[in-house]
Amino acid sequence: MPVLALAEFLGLESSENDGHEHARIIVAEDRGVAVGLFVNEVLGIYEVAAGDLSAPMDAIEPTAMSLIEAEFDHAGRVFCA
């Protein structure tokens, strides 16, 4: 399975990942195609109802915008999906 370093792919500043104790690989699958997403840390996992999703903000970096389908609010913080 291919693994994508998400921060590098999005052009975000990334810290050294080797040996990072909180680093994880998130496996995402769509239409039978799976990919691993390397992240520095997982802060939480949320179950979100479809009705709680809204269109993403226009202020998001254009490269990232093509990967984001929606956003949602959880405890006053906005997350992208």
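The values are calculated or read from the model by the stated rules, or taken from the named source; none is laboratory data. Because the structure is predicted, anything quoted here is derived from the model rather than measured. Neighbour counts run over all protein chains shown; Cβ positions are idealised from the backbone, glycine included. Each accessible area value is taken on the protein alone, full model and side chains, heavy atoms only, with ligands, DNA and RNA left out. Shrake-Rupley method; radii C 1.70, N 1.55, O 1.52, S 1.80 Å.
From the set of residues in the stretch 58-80 that are in contact with a Phe, Trp or Tyr (Cβ under 6 Å, 6 or more places away or on another chain) and open to solvent by less than 50 Å² (accessible area, probe 1.4 Å), which is modelled with the lowest pLDDT?
Looking only at the stretch 58-80, we keep the residues that are in contact with a Phe, Trp or Tyr (Cβ under 6 Å, 6 or more places away or on another chain), and these are 72, 74, 79.
Retained after the next criterion (residues that are open to solvent by less than 50 Å² (accessible area, probe 1.4 Å)): 72, 79.
Numbers: F72: 88, F79: 82.
Looking at residues that are in contact with a Phe, Trp or Tyr (Cβ under 6 Å, 6 or more places away or on another chain) and open to solvent by less than 50 Å² (accessible area, probe 1.4 Å), I get F79.
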### Query
Within the stretch 1-37, can you find the residues that are modelled with pLDDT of 85 or more and within 18 Å of F79 (Cα to Cα)?
I26, A28, L37
